[in-house]
1. Relative contact order of the chain, please, whole-number percent, based on alpha carbon pairs below 8 angstrom and at least 6 residues apart.
2. With a point put 7 Å past each Cα toward its Cβ, work out how far Tyr36 is from Asp100 in nm, to one decimal.
3. In the set (1) 41; (2) 50; (3) 44, which value of percent of Cα pairs over 21 Å apart was calculated from the structure you see?
4. For segment 119-138 and segment 1-69, write down the distance between their C-alpha centroids in whole Å.
5. Within 10 Å, count the other beta carbons around each residue, average over each peptide in 58-64, 138-144, and list them highest first.
6. Just from its helices, what would the mean residue ellipticity at 222 nm be for the chain, if runs of 4 or more DSSP H residues each count -39500 (n - 2.57) and the sum is divided by every residue, rounded to the nearest 500 deg cm²/dmol?
7. Using R₀ = 22 Å, calculate the FRET efficiency as 1/(1 + (r/R₀)^6) where r is the Cβ-Cβ separation of Asp110 and Thr43; round to 0.05.
8. Given the Cα-Cα distance of Glu131 and Asp19 and 0.36 nm per residue of separation, how much length would full extension add, in nm?
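We did not get these values from a lab; they are worked out from the coordinates using the rules stated. Computed from a predicted structure; not experimentally measured. Reconstructed Cβ throughout: ideal geometry from the backbone, glycine too, with neighbour counts over all protein chains shown.
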Amino acid sequence: MIYIGADHRGWELKAKINDWLKGRGYEFEDLGAYEYNAWDDYTDYAIDLAQRVAADADRHRGILICGSGGGMCIAANKVKAVRAGLGFAPDQVHAARKDDNINIMVLAADNTDEITALELVEKFLETEFVESDSYLRRIDKISRYEGPIAVGNKH
């Protein structure tokens, strides 16, 4: 499942991405915002979406959109098993999927036009993780750090 969410600064771009996803037959769920509300909080959308992705972190994907991308990325990465990364260039998104197995891509609506956003979404959804020993080892280190004794864990 693909989940998509945005705050008030990203909801217009989200609507365009939704149309693109529908047109290509992707199964997805829009988690809001559904209208402009200057008082909404990006954290609500980021954490809700991240929890849904984390429920099956190797299969589900998420797309988050806020003004800078930074806040959503920080909030989403607080959820265990989430690997959220900013998307700003197709080659960078390809590498983040292939090498780091990001399961959530975060877009900066204030700095990403529609054409670029759609290129990034396509790259994010079409690129598969390469399960090489080095990439798996690095992701495993992150996963172990997320465990019950996360603070100060050096493994």
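1. Computed value for the chain: 22 percent relative contact order.
2. 3.2
3. Given (1) 41; (2) 50; (3) 44, the structure-derived one carries the label (1).
4. 20
5. 58-64, 138-144
6. Helix-only estimate at 222 nm: -14000 deg cm²/dmol.
7. So the FRET efficiency works out to roughly 0.80.
8. Stretched fully, the Glu131-Asp19 segment lengthens by 37.1 nm.
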